[in-house]
Structure formats: structure tokens, C-alpha cells
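The values are calculated or read from the model by the stated rules, or taken from the named source; none is laboratory data. Just so it is clear, the structure is predicted and the values come from calculations on it, not from any experiment. Note that each Cβ is placed from the backbone with ideal geometry, even for glycine, and that neighbours are counted across all protein chains shown.
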Amino acid sequence: MVCARCTGIYFGALITAIFNLLPVAVSISKRLIIYAAIPMLIDVILINLGVYNYNKVIAFITGNIFGASVFIFIFEIVKDYFLELTKEKDF
């Protein structure tokens, strides 16, 4: 069993992976990863402070945003690494 936020993270990564099969180039910086994490962190803090109760929909959405952003970031790092390896072999 996985919580709604973690399900959102996994689902966001899955959907982003599927969209990465399309020939659309998307890149993301570390700063955007932090911006994507802010809604999730605010949600967790507000829940822990008792401002409002846990909401599965909000948790899923904030996790989805973060999961998609992290997947794009990691995918770009791995892609750049393998492109560097192929450039080194060409010499």
C-alpha cells in the first residue's frame, strides 16, 4: 500500500516517461525541482500544524507535480551521461 502523495509521485513519473517517448525536448533545472517541491512541503507542513486535515486529492496532485519534475530532471542527467559516453567513443 502506498499513500496518495507517493502514488502521485509515481504516477507523475510514469506519465512523464510516456510523454518522453514523444519527440518533444523538455529540460528542467534544479531551481524548478525546488519550486515543484514547495507545494508538497507546504501541504505537509499545514497538515502537521493542524491547519486542515489530510486530503488525498491535494496530496496526489502535489506528489504528481513533484514526481513529473524529478523524472524529467533525472532523465536529462542520464541522457546527457550516455551522450557523453558516445561522444568519447567517437574519438
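Among the residues of segment 60-83, which ones are under 8 Å from the mean Cα position of the chain (by Cα) and surrounded by fewer than 18 Cβ atoms within 10 Å (Cβ to Cβ)?
Phe73
Are any residues in segment 30-65 in a helix (DSSP H, G or I) and either among the basic types (Lys, Arg) or in contact with a Leu (Cβ under 9 Å, 6 or more places away or on another chain) (or both), and if so, which ones?
The answer is Lys30, Arg31, Lys56, Thr62.
Name the residues in segment 1-41 that are modelled with pLDDT of 90 or more and either loosely packed, with under 12 Cβ neighbours inside 10 Å or of a type in the set (Phe, Trp, Tyr) (or both), would you?
Those that are modelled with pLDDT of 90 or more and either loosely packed, with under 12 Cβ neighbours inside 10 Å or of a type in the set (Phe, Trp, Tyr) (or both): Tyr10, Phe11, Ile18, Ile34, Tyr35.
I need a count of the residues in segment 35-91 that are under 27 Å from Leu21 (Cβ atoms), acidic (Asp, Glu) and touching a residue at least 12 places away in the same chain (Cβ under 8 Å).
1
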